[in-house]
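Encoded as structure tokens, the structure appears first; notes follow it.
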Amino acid sequence: MNTPTWLLAFGFILLGPLVGALLAGLDRRLTARMQSRQGPPLLQPIYDVLKLFEKDTLVVTGLQTLYLWGFLFFMVVSGFIIFLGGDLLLSVFALTVSGIFLCLAAYSTNSPYSNVGSSRELMLMMAYEPMLILVPLGFYLVADSFRVSDIVAGSPWQVLQLSGILIGFLFVLTIKLRKSPFDLSSSHHGHQELVKGITTDFSGSDLALVEIAHWYENTILLAWLYLFFAPLGLAVALPLAFVLFFAEVLVDNTHARLKWSSTLKASWLVTIVFGVTNLMLLPLMT
Amino acid sequence: MYSISFLIGFSLLAGFAVAASPDVETRSRRVRLSASVIALASVLLALFHLASGPEFFALSPGVLHVLDWMFTIGGVGLALVLLYFCRRIVAREWYIPVLVVLQTGLMLSAEFAEVTPEVAHPFYIDSFTVLMTLIVGVVGGLICIHAIRYMQDYHAHEKTVPNRQAAFYFMLFLFLASMFGIVFSNHLLWLFFFWEVTTLCSFWLIAYSGTDEAVRNGFRALGLNLIGGVSFAAAIAWLTFGPGLHTWELDQLIAAGSAMALIPAVLIAVAGLAKSAQLPFSSWLLGAMVAPTPVSALLHSSTMVKAGVFLLVKLSPVFYDTYAGLLLSLIGGVTFLVTSLVAVNQRNAKLVLAYSTIANLGLIVMCAGVGTAGAMWAAILLILFHAVAKALMFLAVGTTEHLIGSRDIEDMEGLVYRRPAMAAMMLVGILGMFLAPFGMLLSKYTSFQAFLSMDVMLGDGLMLATILAFGSAPTLFFWSKWMGKLVAMPRRLPPGTDPIPRDEAIALVSLTLITYVACALFPLADKVFVIPYTDYLGALGLIPVVAASIPWDNIAIMSLMLAGLFLMPLAFWLRPPRHAEVSGYLSGANVSGSASYRGAMGVERVVESRGYYLSGFIREDIMMRYGMLGAGVLIVVMVGGVAL
Amino acid sequence: MSFLKKSPWVLHYAATSCNGCDIELLACLTPTYDVERFGIVNTGNPKHADIFLVTGSVNEESRKVVENLYAQMPDPKVVVAIGACALSGGIFRDAYNVYGGIDKVIPVDVYVPGCAARPESIIDGIVKALDILEERAKERKRQRKVVPA
């Protein structure tokens, strides 16, 4: 635990949302380009959130704001752990808690759309949770530690050893980023049968909190991708992580939404076929 | 030594005193007093033996001899009582008296064998025992206090149930006494006697209401636990007559290690599996739901099932690095996975709790089968956290049922607004059951670590870790779904504001605080209860000495999370943001707030939404059938494999 | 400067319209006009929206919905009525079941004429609405200072 990691961790708290916002902006622009549109400015997500803070906040119940703060808090903790070089498994747990808080916030408003959204979100969590846990387990087997600092200092070959895990992780990354075909809890575009799903009944600063937490989440997920390639050095790993991150945008724009049962089945199948098999074969590869 | 005899003896005497009370008032007072004394005595015992190594107590030959005879007579008496109860069995339960006769026969043949092993130390205390004492004494005591008012309400509601409360409390205290007996006995025969007393008590308590369903479920519990009992008796017979190890002492058995003690250990493990309701024996615990809630709480949290895993964890060093241990872990794993999935199906709050109990015990069994220091660490902390959180949940569901008249999760919608105190306690209980930074998650963390460092065969630990990963996902789903119902803003505020009865409030609030404190102070619990125990086993050379500690920065971050969970609501309560309230979104068709909307043809329709139970996706009957089959095969392989 | 101008989110509701204006409105989102360039997003949810776009005239069926949606929009907000029917009831104004334009039910800030209104004029109407929105935002800020929210 030396000074640079502390700087990194606090840097994450301050700059993490900014990076996440830029990722979101880039995502929107790329999507627009794929649809042969010009798309919004790169900083559009930031404008959106600043605007939301100018608006009034309407709530169904005052407690929803509390749950949203929980969502944000645990999201920040989750990222803080990673950038501190701390324990990856603990970070997964914190991420899970934060997801549950978002669901609670939506449940608390108790409108049918929020209800469907949060139920589906929980379903998605059930779908991706095993794979998300297998990732630290895989790192543990190659780097002999759950600690991010040890994983970063690991062998450059780890990404090959963990290729199955990487595939599985990319699959659930699509769910985590709420991209098609798995955007069943909250669609990007509101004018659909789900309205905005889980965020339907948040407005003003409440919605801004959700957006900021999502920015943090983007940064965290990018960091996860980076971890796979980290021992290759920043110059190689970061571009690779970016490419894979934005490959999700392509997937998003080329797929229609799946039903929850197909999502659950598909992601557990992928987890077993790629994730578990990879873990089982690991002892043979070393 | 005196503290041990005090705890066992006082619980027993308290049972008699309560049963002999002349009127309801006196009885309530005596229950309250006795339960408080037991809880206090457990705490005092814990303070005196804090972080000390194990102590073994010898008895003078005369006392030993007398006690031996008393336990023998007690065993026979117990068998007779059971046989007497068997007069109400139906034809297909014929096996129950057969099992009673069989196990008593085995025990008597062992006791009257020509050469019997000497027992030098019939009682002992170590830090794990101290922890169990605390759980039994404090949690069990609180459950007894909760029962006072609950049982009055119960009988007011259920007019047809004969009022046998005097015997009921006697059984509760007898239960506590025998639990103390189980955790303190080093003498296997005595331990077995206490073991069977808990079986008897659970049978009687489950069948309390006397309805046909209750009696059948009681007999099912009896039958399945007797299978375990026979297996236990067979282990003792093996230790008496068999080749090799020749001892009646638990510590000798454990110290003998896997080479010598595996056969009796596996036989006792079967008893432990039956008692802790693992597949394929789990059906008795689900059937036990017909009993009044304090009984369920007692069976599920601090006693009975905990006796099973207590013994398994005790025997855990024997299983270290053996195939039998791996199979044991797999039985736990199958149970964990299957019951976690099935729990998603349940709408009845008590059934959710029942399945989650079985699942959590499965996790403990998984750890017990691994037998490394880390796994035992996880198992012991799981026992602690599960006991407090589950007791809290059961009592909270029981009280809520009396307040709102339903134990259906859907009917608990909006409890945060209708019953803030109840809901807050339930939320703490649920958080304690599965969420970071509370204890459960900590134990899961360590379990992962322990599984991955296993070395019985290729891919063994990975198998367990995968099971844990997949089993945790549905756990998260059904608990969050329940929390979602609790926090939902009710669309209409239903009337009804009876206060929570005082005795129930005392029990609930104490358990909530204990859950919170146990989570906040877990490093302390770890230092005081777990580390001395695993260190001792390590020093004996039974398990590898590894410092199974969680790095300090993890602890710091977990404390940060816990603090956040505490401070955020506090800050919110002190300075609530004043946002304007508006109805929920109903496509603009709202009629009266969020409660109803204007449907087709201008008809006003009430908004209703229910949770997801995935009953088409997860089929309870099929899952349980295959789960039982799988676990049954694993048990047969485990016992058969060791015997060969 | 208010960020409302940079990110106006709209809610579109068709109150008994013939769908002519609705098609033109949706055309604004297509690559040809691509209003997302200006940060305009069609939210489909009053709680996220800043600008309420209503097409069609108001009748008994749609009256409550318009009121509810308007009530569920957080301040500051503006209403744009699009098309002849939304302005005055259009050719249906004398029908027995039609109340008339949107302004019979909620206050309208910008009127976009046309049958159907062209995408260019709709965008123009939204741009006009933005100035009003900014004005309201300033007003709202002052109010909050006087009485903390």
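A few points about this structure:
- Hey, B:G611 crowded, with 16+ Cβ neighbours inside 10 Å, under 43 Å from the mean Cα position of the chain (by Cα) and in a helix (DSSP H, G or I) or not: no
- Residue that is without any contact (Cβ under 8 Å) to a residue 12 or more places away in the chain, assigned to a helix (DSSP H, G or I) and within 26 Å of B:V139 (Cβ to Cβ), where the choices are B:L476, B:L511, B:L524: B:L524
- Lone qualifier among A:T219, A:T199, A:T254, A:T271 - being surrounded by fewer than 22 Cβ atoms within 10 Å (Cβ to Cβ) and among the hydroxyl-bearing types (S, T, Y): A:T254
- Of everything in the range A:51-69 that is at the interface with chain C (Cβ under 7 Å from one of its Cβ atoms) and touching a residue at least 40 places away in the same chain (Cβ under 8 Å), the residue that is nearest to B:S594 (Cα to Cα) is A:L58.
- Candidate set from the range B:530-553 (those that are in a helix (DSSP H, G or I) and within 11 Å of chain A (Cβ to nearest Cβ)); member that is farthest from B:M260 (Cα to Cα): B:D553
- Of the numbered criteria (1) within 27 Å of A:S180 (Cβ to Cβ); (2) outside any helix (DSSP H, G or I); (3) more than 8 Å from every other protein chain (Cβ to nearest Cβ), the one A:G85 fails is (1).
- A:D150 meets the conditions (1) over 15 Å from the mean Cα position of the chain (by Cα); (2) on the phi < 0 side of the Ramachandran plot; (3) crowded, with 23+ Cβ neighbours inside 10 Å in every case but one. The failed one is (3).
- Failed item, numbered, when B:A556 is tested on (1) in a helix (DSSP H, G or I); (2) surrounded by 13 or more Cβ atoms within 10 Å (Cβ to Cβ): (2)
- Which numbered condition A:V76 fails, given (1) of a type in the set (V, I, T); (2) more than 9 Å from chain B (Cβ to nearest Cβ); (3) buried (at least 24 other Cβ atoms within 10 Å of the Cβ): (3)
- Restricting attention to the range B:252-279, the residues that are assigned to a loop (DSSP other than H, G, I, E, B) and surrounded by fewer than 24 Cβ atoms within 10 Å (Cβ to Cβ) add up to 1.
- Residues that are assigned to a loop (DSSP other than H, G, I, E, B), within 19 Å of C:R118 (Cα to Cα) and not hydroxyl-bearing (S, T, Y) within the range C:1-27 comprise C:A15, C:C18, C:N19, listed in sequence order.
- Those residues of the range A:129-154 which are of a type in the set (A, V, I, L, M, F, W, C) and more than 16 Å from A:V270 (Cα to Cα), in sequence order: A:L137, A:F139, A:L141, A:V142, A:A143, A:F146, A:V148, A:I151, A:V152, A:A153
- Any hit, the range B:465-473, residues being buried (at least 24 other Cβ atoms within 10 Å of the Cβ), modelled with pLDDT under 80 and not hydrophobic (A, V, I, L, M, F, W, C): no
- The residue of the range B:565-597 that is farthest from the other protein chains (Cβ to nearest Cβ), among those that are out of contact with any strand residue (DSSP E or B) (no Cβ under 9 Å at 6 or more places or on another chain) and outside any helix (DSSP H, G or I), is B:R575.
- Only one entry of B:V313, B:V295, B:V309, B:V342 meets the criterion of being part of a helix (DSSP H, G or I) and over 17 Å from the mean Cα position of the chain (by Cα), and that entry is B:V342.
- Looking only at residues of the range C:31-45 that are over 29 Å from B:S583 (Cα atoms) and within 8 Å of chain A (Cβ to nearest Cβ), we find that the one that is farthest from the chain's Cα centre (by Cα) is C:P31.
- Unique match (being part of a helix (DSSP H, G or I), more than 15 Å from the chain's Cα centre (by Cα) and surrounded by fewer than 24 Cβ atoms within 10 Å (Cβ to Cβ)) among A:L52, A:L66, A:L134, A:L90: A:L66
- For the range B:53-85, the set of residues classified as in contact (Cβ under 8 Å) with a residue 12 or more places away in the chain and either outside any helix (DSSP H, G or I) or touching a Ser or Thr at 6+ places or on another chain (Cβ under 6 Å) (or both) consists of B:G53, B:P54, B:E55, B:F56, B:F57, B:A58, B:L59, B:A79, listed by residue number.
- Counting only residues that are under 18 Å from B:A373 (Cβ atoms) and either out of contact with any Leu (no Cβ under 6 Å at 6 or more places or on another chain) or more than 7 Å from chain A (Cβ to nearest Cβ) (or both), the range B:446-479 holds 14 of them.
- Of residues in the range B:89-114 being loosely packed, with under 14 Cβ neighbours inside 10 Å and in contact (Cβ under 8 Å) with a residue 60 or more places away in the chain, the one nearest to the chain's Cα centre (by Cα): B:Y95
- Test result for A:I100, without any contact (Cβ under 8 Å) to a residue 40 or more places away in the chain, crowded, with 24+ Cβ neighbours inside 10 Å and either under 20 Å from A:W215 (Cα atoms) or within 11 Å of chain B (Cβ to nearest Cβ) (or both): yes
- Single condition A:L43 does not satisfy, out of (1) farther than 28 Å from A:F228 by Cα; (2) buried (at least 24 other Cβ atoms within 10 Å of the Cβ); (3) under 21 Å from the mean Cα position of the chain (by Cα): (2)
- For the range B:266-292, a tally of residues being charged (D, E, K, R) and either at pLDDT below 90 or more than 13 Å from the chain's Cα centre (by Cα) (or both) returns 0.
- When residues of the range A:274-286 are limited to those that are in a helix (DSSP H, G or I) and surrounded by fewer than 20 Cβ atoms within 10 Å (Cβ to Cβ), the one farthest from the other protein chains (Cβ to nearest Cβ): A:M285
The values are calculated or read from the model by the stated rules, or taken from the named source; none is laboratory data. Please read these numbers as outputs of a predicted model, since none were measured by experiment. Positions of Cβ are generated from backbone atoms using ideal geometry, with glycine treated the same way; all protein chains shown enter the neighbour counts.
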